[in-house]
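Shown next, in structure tokens, is the structure this report addresses.
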Amino acid sequence: MKDYTSKYIIPKGNMAKELIKEAIADERNAGRMYDNLAKTVTKPHDKWQLTSIADDEKKHEKMLIDIYKMLYHAIPIISEKPYKPQRDYLSGLELAMMDEIKAVEMYRVIMRRLPYKREYQDMMYEIITDEQKHADKLGHIIMETH
């Protein structure tokens, strides 16, 4: 995932279209990653948290596909990103937390480029707040793991 935190980016033209497609692929990979992390954890509460995050990521993928279809009247063609599981649980959690923070920044960029239509704004707001919630949950799990 690219880092959008270090600069104020407002994409031009169809860049939003490409960012939405990138976001769909990122959400798909995130769902896989959280499913994988949930399989490796032994604490029931952490497993539940990671599973709920995986479910949210799958929901985000569907929402972004819906936004794309509404905007461009087409089904997005997504380039699959290879998924590489992390070597250990803690590094996987830490990477996931950073990805959640980067996702918020990317989604803010996308949101600025969408037509100001309540439906799009509401969907993006839900995705952004979910991603922030995920970072909080992951931070808590990481603190307990240390």
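The values are calculated or read from the model by the stated rules, or taken from the named source; none is laboratory data. As the structure is a computational prediction, the values presented were derived from the model and not from experiment. Note that we place each Cβ from the backbone using ideal geometry, even for glycine, and neighbour counts take in every protein chain shown. Surface accessibility is based on the protein's heavy atoms, side chains included, excluding ligands, DNA and RNA. Shrake-Rupley method; radii C 1.70, N 1.55, O 1.52, S 1.80 Å.
Filter segment 43-74 down to the residues that are open to solvent by 50 Å² or more (accessible area, probe 1.4 Å) and of a type in the set (Phe, Trp, Tyr), then identify the one that is farthest from residue 120 (Cα to Cα).
48
Against the definition (touching a residue at least 24 places away in the same chain (Cβ under 8 Å) and in contact with a helix residue (DSSP H, G or I) (Cβ under 9 Å, 6 or more places away or on another chain)), how does residue 35 come out, yes or no?
Here the answer is no, as residue 35 does not meet what is asked.
With the requirement that a residue be part of a helix (DSSP H, G or I), of a type outside the set (Ser, Thr, Tyr) and surrounded by fewer than 17 Cβ atoms within 10 Å (Cβ to Cβ), what does segment 114-134 give you?
If the condition is that a residue be part of a helix (DSSP H, G or I), of a type outside the set (Ser, Thr, Tyr) and surrounded by fewer than 17 Cβ atoms within 10 Å (Cβ to Cβ), then 118, 119, 121, 122, 126, 132, 133 are the ones that fit.
Could you tell me which residue of segment 135-146 is farthest from the chain's Cα centre (by Cα), considering only residues that are open to solvent by 50 Å² or more (accessible area, probe 1.4 Å) and of a type in the set (D, E, K, R)?
Top of the filtered list is 144.
Is at least one residue of segment 93-100 within 18 Å of residue 141 (Cβ to Cβ) and over 13 Å from the mean Cα position of the chain (by Cα)?
Scanning segment 93-100 turns up at least one residue that is within 18 Å of residue 141 (Cβ to Cβ) and over 13 Å from the mean Cα position of the chain (by Cα).
Looking at segment 76-93, which of its residues are without any contact (Cβ under 8 Å) to a residue 12 or more places away in the chain and open to solvent by less than 70 Å² (accessible area, probe 1.4 Å)?
91
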